């Protein structure tokens, strides 16, 4: 199997362009959806856990993938990507009905409401 080298400038420009265009869109959409699903629960903690896991994946992912590519070539890397995508889609389909926003009654200014994880105040 022979691998050909991609022109560095073509790779760098396209990579930066696609990353600059796609990452903010996906990041904003995912955080918005996550905050809608969490509702009035502990958003700070849950958003922090999500950001921490994303940072961990962006740190360890390239190390794992480059090691796998160096040892075995591109085919196992593609298999790993397809496997992760497949597991994600399967979990999304199985747990789709649980992805519902928290229903909170409309509170007037100064009212509060107790729920399982604390108290919700409307200022």
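Please specify each residue of region 1-25 satisfying the condition of being loosely packed, with under 10 Cβ neighbours inside 10 Å and within 30 Å of residue 98 (Cβ to Cβ).
Matches in region 1-25: 25 only.
Which pairs have Cβ atoms under 6 Å, sit 6 or more apart or on different chains, and link a residue in region 95-109 that is under 26 Å from residue 121 (Cβ atoms) to one that is surrounded by fewer than 10 Cβ atoms within 10 Å (Cβ to Cβ)?
none
Hey, residue 41 hits all of (1) touching a residue at least 40 places away in the same chain (Cβ under 8 Å); (2) under 16 Å from residue 30 (Cα atoms) but one; which does it fall short on?
The single condition residue 41 does not satisfy is (2).
Given the residues 65, 87, which is the only one that is closer than 30 Å to residue 19 by Cα, touching a helix residue (DSSP H, G or I) at 6+ places or on another chain (Cβ under 8 Å) and modelled with pLDDT of 90 or more?
Exactly one residue qualifies, and that residue is 65.
Considering each of 104, 100 in turn, give the residue that is over 24 Å from the mean Cα position of the chain (by Cα), farther than 30 Å from residue 4 by Cβ and surrounded by 10 or more Cβ atoms within 10 Å (Cβ to Cβ).
Going through 104, 100 in turn, the sole match is 104.
Tell me whether region 60-78 contains one or more residues that are over 14 Å from the mean Cα position of the chain (by Cα), touching a residue at least 24 places away in the same chain (Cβ under 8 Å) and at positive phi.
For region 60-78, residues over 14 Å from the mean Cα position of the chain (by Cα), touching a residue at least 24 places away in the same chain (Cβ under 8 Å) and at positive phi: present.
All but one of (1) under 30 Å from residue 5 (Cα atoms); (2) out of contact with any helix residue (DSSP H, G or I) (no Cβ under 6 Å at 6 or more places or on another chain); (3) at pLDDT below 95 hold for residue 82; state the number of the condition that does not hold.
Unmet for residue 82, out of (1) under 30 Å from residue 5 (Cα atoms); (2) out of contact with any helix residue (DSSP H, G or I) (no Cβ under 6 Å at 6 or more places or on another chain); (3) at pLDDT below 95: (3).
The values are calculated or read from the model by the stated rules, or taken from the named source; none is laboratory data. These figures come from a predicted structure and were not determined experimentally. All Cβ positions, glycine included, derive from the backbone under ideal geometry; neighbour counts span all protein chains shown.
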